[in-house]
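*Asks:* Before we start, here is the structure in question, set down as structure tokens.
The values are calculated or read from the model by the stated rules, or taken from the named source; none is laboratory data. All values reported here derive from a predicted model rather than from experimental measurement. Counting neighbours? That spans all protein chains shown, and the Cβs are built from the backbone with ideal geometry, glycine included. Accessible surface is based on the protein model in full, side chains and every heavy atom, while ligands, DNA and RNA are left aside. Shrake-Rupley method; radii C 1.70, N 1.55, O 1.52, S 1.80 Å.
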Amino acid sequence: MTGGAAVEDQGNRGNQAGRVDPADPADPAEQAGQAGQAGQAGQADRVDRTDPAEQADQAGQENRTDRAVTEEARPRRRRRHGRRIALAAVAVAAAGAAGAATLGFGGGSPAGGTAESALPPKTAGVTRQTLVDTQSADGALGYGPATTATSRLSGTLTRLPGTGDRITRGKALYEVDDRPVALLYGSLPAYRALTQGVEGPDVKQLERNLKALGYSGFTVDEEYTYATAEAVMRWQEDRGLDETGTVELGQVVFAPHAVRVESLQAGKGDLTVPGGKVLSYTGTTRAVTVELDAADQRLAEKGAKVTVTLPDDTTVKGRVDEVTTVIDPGDGQGEDARTEVEVVVELPGKKAQKAVGAYALASVDVSFTAGTRRNVLTVPVAALLALQEGGFGVEVVKGATSAYVPVRTGLFSGGQVEISGDGIAEGTTVGMPK
């Protein structure tokens, strides 16, 4: 007998013993003695008989106390573990493809074991579709990252462009001592004087520009011949320069395309020396710059297509143009340096450029395609069960019965997950939580 039950039984015996039956022929003195003994044993029979209301209140409190003790002391019924499987609480990331977290409820589940409890409250069908996993990142709409132009000449800056000016091939980017420093197109920066007899890719880059500007009489190759020098002299004459046939270091600046002046780092009349900053420039078309963590570099493959969402929720198509690894040194106050990936997304086509034309600078959302799985079997992520013995499964429902079937998972996207396994086919019915 438990302690609570003993208290209840003892109190009941005391109450019964304390009740004096007027019809009992026993000696009144003996009855009084029995009543006194019962009062000592039961304690609950101590009431003020002169106040009926107080008696009722105390009796009610005692009854409630007795019931509470009895309820607490009563043995708890063991719950029957019907399902021998650990169910899963599956969480999907905002992009729609994070994974599942398990919550074990005890017991193991044999592969393909039959469910021992009632059918699931809801069901869903296995479908065949293409899953596309996308991840989003914040981007800045502008003209792409800026590049700093540094002088290779000593002298005085006699002419500078204005902020926002656009400079095309063959035009002066700035002037030093009234001599123009021309913009030419190319990815290789100028690093030496180009003259007759030298060879290399920088020679070919120069000759391409001369041809694009209308000069001829030479072969576009990596050899700086006399014919090349003659074309250079004609170009120098048209620019008002000394006709030397040699392109001196600092006489031209190479950029991949036409440029837009972003800002000036020097003023007209300032002295300049080799290495002195003159101005910074960007491309002339609108672009988006995105900074990714190094772990997400896989998202940014050159040429990959992306979707850009503008502040008014308009979407335009973009393409990854440049991917550069940069080092963020931190704030210098104990913050560690970080490696980041700077991605430049170009917005090709007149339609895209027109759509972004209303914004000078703006924050935008860029969606990268992280993975694509075509024509695969899928179920809602919530249908997954994490098996205690490891891996995932689904509850396959057939008529009035169901069975747990282990599955292999693939791509997660938009609340769906790719699955495969024995007994899994298009149209198969699987259990779902309520």
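*Asks:* When residues of the stretch 201-226 are filtered for being in contact (Cβ under 8 Å) with a residue 40 or more places away in the chain and either in a loop (DSSP other than H, G, I, E, B) or open to solvent by 30 Å² or more (accessible area, probe 1.4 Å) (or both), how many remain?
*Replies:* Selection size over the stretch 201-226: 2.
*Asks:* Oh, and also: Restricting to the stretch 360-371, give me the number of residues that are at pLDDT below 90 and open to solvent by 50 Å² or more (accessible area, probe 1.4 Å).
*Replies:* Result for the stretch 360-371: 3.
*Asks:* While we're looking at this one, here's another question. Within the stretch 350-358, is there a residue that is among the small types (Gly, Ala, Ser), under 30 Å from Thr285 (Cα atoms) and assigned to a helix (DSSP H, G or I)?
*Replies:* yes
*Asks:* Which of (1) open to solvent by 20 Å² or more (accessible area, probe 1.4 Å); (2) more than 17 Å from Arg128 (Cβ to Cβ) is the odd one out, the single condition Val344 does not satisfy?
*Replies:* For Val344, the failing item is (1).
*Asks:* Would you check which residues across the stretch 125-171 are more than 27 Å from the chain's Cα centre (by Cα) and open to solvent by less than 20 Å² (accessible area, probe 1.4 Å) and list them?
*Replies:* Val126, Ala149, Ser151, Gly155, Leu157, Pro161, Ile167, Gly170
*Asks:* Scan the stretch 322-342 and tell me whether some residue there is over 20 Å from the mean Cα position of the chain (by Cα), closer than 28 Å to Gly414 by Cβ and modelled with pLDDT of 90 or more.
*Replies:* no
*Asks:* Further, regarding this structure: Only residues that are assigned to a loop (DSSP other than H, G, I, E, B) and either over 30 Å from Val308 (Cα atoms) or touching a Ser or Thr at 6+ places or on another chain (Cβ under 9 Å) (or both): list them for the stretch 141-166, please.
*Replies:* Tyr143, Gly144, Pro145, Ala146, Ser151, Arg152, Leu153, Ser154, Leu160, Pro161, Gly162, Thr163
*Asks:* Whether any residue in the stretch 263-279 is open to solvent by less than 50 Å² (accessible area, probe 1.4 Å), within 23 Å of Asp138 (Cβ to Cβ) and not in a strand (DSSP E or B) is what I want to check.
*Replies:* No, every residue in the stretch 263-279 fails to be open to solvent by less than 50 Å² (accessible area, probe 1.4 Å), within 23 Å of Asp138 (Cβ to Cβ) and not in a strand (DSSP E or B).
*Asks:* Report whether or not Gly245 is in contact (Cβ under 8 Å) with a residue 40 or more places away in the chain, open to solvent by less than 50 Å² (accessible area, probe 1.4 Å), touching a helix residue (DSSP H, G or I) at 6+ places or on another chain (Cβ under 6 Å) and part of a loop (DSSP other than H, G, I, E, B).
*Replies:* Numbers: in contact (Cβ under 8 Å) with a residue 40 or more places away in the chain: yes; open to solvent by less than 50 Å² (accessible area, probe 1.4 Å): yes; touching a helix residue (DSSP H, G or I) at 6+ places or on another chain (Cβ under 6 Å): yes; part of a loop (DSSP other than H, G, I, E, B): yes.
Criteria met by Gly245.
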